[in-house]
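The values are calculated or read from the model by the stated rules, or taken from the named source; none is laboratory data. Only a predicted model underlies this, so the values are computations on that prediction, with no experimental measurement involved. The accessibility values were calculated without ligands, DNA or RNA, using every heavy atom of the protein model including side chains. Shrake-Rupley method; radii C 1.70, N 1.55, O 1.52, S 1.80 Å.
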Amino acid sequence: MTNTAAVRGADEHPQSGAARRPVLAEVAAATRGPRRFVSRIGAIVPASFILITIAVSSSLGQPLRGGVDVGELLLWAAFTLMLLTPFIAAVLVMLTARRGGLVWTTTLVYTVVTGLLGVGVDVTVLGTDFSSASLSLVSALIVQVVLLAPVCAAVAFLVHIVSESARR
């Protein structure tokens, strides 16, 4: 026969309430309100960065100033569409992913980080010489797509692994 109290006591670690680590379910329950709010307004974030990018691109390129040159207008539209790539991709992912899920949340975080980087570059470009604007904007796009997208995907993968191991 075994002493059940001794077995039960061996499994439990004597920790004070302050030193006890929170369980994922407790954290999820405590953050339910903010997570609902973010999931309701989350799709607005990439849309607002799309509008900001179009506004900055319009102020730099001024596609409709004076007479309308179709070639210039098409070049401006192609360049602006290229700058919108991360945000259009984010909107598409957010529309197809489960709202509030890991993919959706990762896309939201990616959009915020990418958008803040883009706005920072946009503000810098508006204050500098317009001839170097395209180089700055394209370099920011490369950082957004080539560097930040894989980092966000890797973080989401790690979060998934940790949450799966915590469930077991």
Quiz item: If you project the alpha carbons of the range 41-168 onto the principal axes, what extent comes out on each, in Å, largest first?
Solution: 65, 25, 21
Quiz item: Kirkwood Rh, the range 91-141, all Cα pairs: how many Å?
Solution: 12.3 Å
Quiz prompt | Accessible carbon and sulfur surface of the range 41-168 relative to its total accessible area, %, 1.4 Å | solution = 76 percent
Self-check item: Å² per residue, accessible surface of the range 46-117 at 1.4 Å
Solution: 56 Å²
